[in-house]
Every structure is written in structure tokens, then in C-alpha cells.
Amino acid sequence: MNDSVWTLHTRGKTISFEGTQVMGIVNLTPDSFYDGGWMSTQEQIKEQIDQMVASGASIIDVGAESTRPGSDPVSKEEELKRLTSFFALLSGGKLPSKILYSIDTTKAEVAQEALDAGCHIVNSVSGRVDNELLDVSASAEAAYVCMHAQGSPKTMQENPQYDDVVKEVEQFTSDFVEKVAQSDATLGSIIADPGFGFGKRLEDNLKLMNALPQFVELGHPVMVGVSRKSVIGTLLHGQPAEDRLNGSTVLHTVACMAGVHILRVHDVKEAAETVRIVTALREGPSTQ
């Protein structure tokens, strides 16, 4: 095994991956900043996931509450209602079985339903230690995404401030890992996410991108979610989300070169092609 091989522990299993993996985003929301509002039926959800897997996704992340800046929270009942079709597909064995499924939520009740349906990863954007959510995740030995955030989605971009954003995000990750270690929670792998765009100014996002090699060295799988985000639009003079594919690919290339483990993306085919080219540059062309 070479240095690019890494492992993820979840649901009592250890899964080996080689190089950067692509996580496809499935938004079951009417108000996401880019692609919400069009998927609701089982047929639409299955078609989207099948296409993402065929295009190179090894992880699918499903969410039913928008976390775009300024968004309002939704109730547990509404979030679960939006997820009903996905849960039925997953628990019914109607989705690709050789990949991992992640639930993007901050609610313990939603995470429990997702894990019962067969999800492997809990992806929380709360930016805090939620003991109830941790307990639910630990009960299934699920992997857990520890994402840094300053403030809630409703207010996070109003006036974020940092003395040293890189040090503060690193310290947040270290503190989270230590708190979990001191608790009774027995999670699977802890995946570190710097939280691009979650209470970050333009300069903060750029500093974090440049510091990605430091996060990789912390010893936990690192996930990067910059796909079509406003940092790209700001750099490109107000470019709207639908035009940010090229900018996303540039940042995904930087992340791959830094050795991150997971890219969370809207555009799976383009991200998978990016990973393949960067891997060839770093390690030589694949023989497969």
C-alpha cells in the first residue's frame, strides 16, 4: 500500500480508499443556493444518485435543510418528510450498494432515521459538540464529519471575525476530537471539514485553502466543500452559482494537490476527472 491509501471506519467496518474520493451532493430542499427544488420523487432521487455513482462518486451526501447563508431552519418533521423517499430507497436496497451514504443534518432524530435506513456517515454543519447527535452516531459506530462553523446559517456571514483562522479551525478540530475521546461516544472515523463559507470572509477561505496540507497532517480524513460557493463568485466579480463550475474545478485541483481525502461536490463527473488527472501528475497514470 502506498501513501495515498487511507481508511474510514464506519458501522463496524474498515474501508480502504486510494486517493481523493468524490462525495456527490443530493439536495432535497426547495431553497438551496444552487440546485435545490427539483428532486422529490423516488424516481428523481434514484436517477440522480445512479448518475453520480456512474460518474465517479464513492460517497453520496443527502440533505433536506438548506444551510446557505441567510437560510431559515426547518422543523424536524419537515426535514424528515423531505427525506422519506430517500430513506425508502436506501432501506429497500434500491440504491447502489458498493458506496457510502451520508446524511447532512444537525438533528439527532433525523440522523437516527438515516442510520436506521442504512447511512454510514453523519455530516453535521452545526460547528459545535452536540452530545445527542454524537450519541446517536456512536450507537451505530457511524463516521462523523466535524465541520467548523462560526454562527448559524441564518447569521454566519453577517460579521465573521478571526485572529488567526487557520489556528482557530485547527484548534476546533483538536478540541472536538479530545471531547469525543473523553466521552462515552464510540464513533467511527472523525472526518475534519474546515467549513468553507460557514462564517468565513473571503480572506479566511483563501487562507484555509492554502493551509490544507496542514489539516491533512492532523491525522484524520479531511473533507473539502467549496463546490460553487460564494468565494468563487466573489473572486470572479459576482459570478452566479450556475457559472462557477470552472472556479470549483480550480479549487478542487488545489485541494487534491494538498492531499485531501474527500471532495464534496455538485458536479461529480468534473470532480472525478480532476482527481484522476491530479493523481496521474502525482503518482503516474493508472494502469486500470
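The values are calculated or read from the model by the stated rules, or taken from the named source; none is laboratory data. Predicted model, so just to flag it, every value in this text is computed and none were measured. Using ideal geometry, Cβ is built from the backbone for each residue, glycine included, and neighbour counts are taken over all protein chains shown.
Of note:
- Selection over segment 218-252 of residues that are under 28 Å from HIS9 (Cα atoms) and part of a helix (DSSP H, G or I) gives a count of 2.
- Remark: pairs (first residue in segment 174-199, free of Cβ contacts under 8 Å to residues at least 40 places away in the same chain and within 21 Å of HIS261 (Cβ to Cβ); second residue β-branched (Val, Ile, Thr) and assigned to a loop (DSSP other than H, G, I, E, B); Cβ separation under 8 Å; 6+ apart in sequence or on different chains) = PHE196/VAL226.
- Residue match in segment 245-256 (condition: surrounded by 20 or more Cβ atoms within 10 Å (Cβ to Cβ), under 16 Å from HIS148 (Cα atoms) and in contact (Cβ under 8 Å) with a residue 24 or more places away in the chain): no
- Some residue of segment 105-113 being in a loop (DSSP other than H, G, I, E, B) and modelled with pLDDT under 95: yes
- Selection status of VAL224, within 17 Å of VAL125 (Cβ to Cβ), in contact (Cβ under 8 Å) with a residue 24 or more places away in the chain, touching a Leu at 6+ places or on another chain (Cβ under 8 Å) and not small (Gly, Ala, Ser): yes
- Qualifying positions in segment 152-165 - modelled with pLDDT of 70 or more and touching an Asp or Glu at 6+ places or on another chain (Cβ under 9 Å): PRO160, TYR162, VAL165
- Residues in segment 156-195 that are surrounded by fewer than 21 Cβ atoms within 10 Å (Cβ to Cβ), among the charged types (D, E, K, R) and not in a loop (DSSP other than H, G, I, E, B): LYS167, GLU168, GLU170, ASP175, GLU178, LYS179.
- Segment 253-278 - residue that is in a loop (DSSP other than H, G, I, E, B) and not charged (D, E, K, R) and, of those, nearest to SER189 (Cα to Cα): HIS261
- Yes/no for ALA241 being in contact with a strand residue (DSSP E or B) (Cβ under 6 Å, 6 or more places away or on another chain), crowded, with 19+ Cβ neighbours inside 10 Å and either more than 15 Å from ILE277 (Cβ to Cβ) or not β-branched (Val, Ile, Thr) (or both): no
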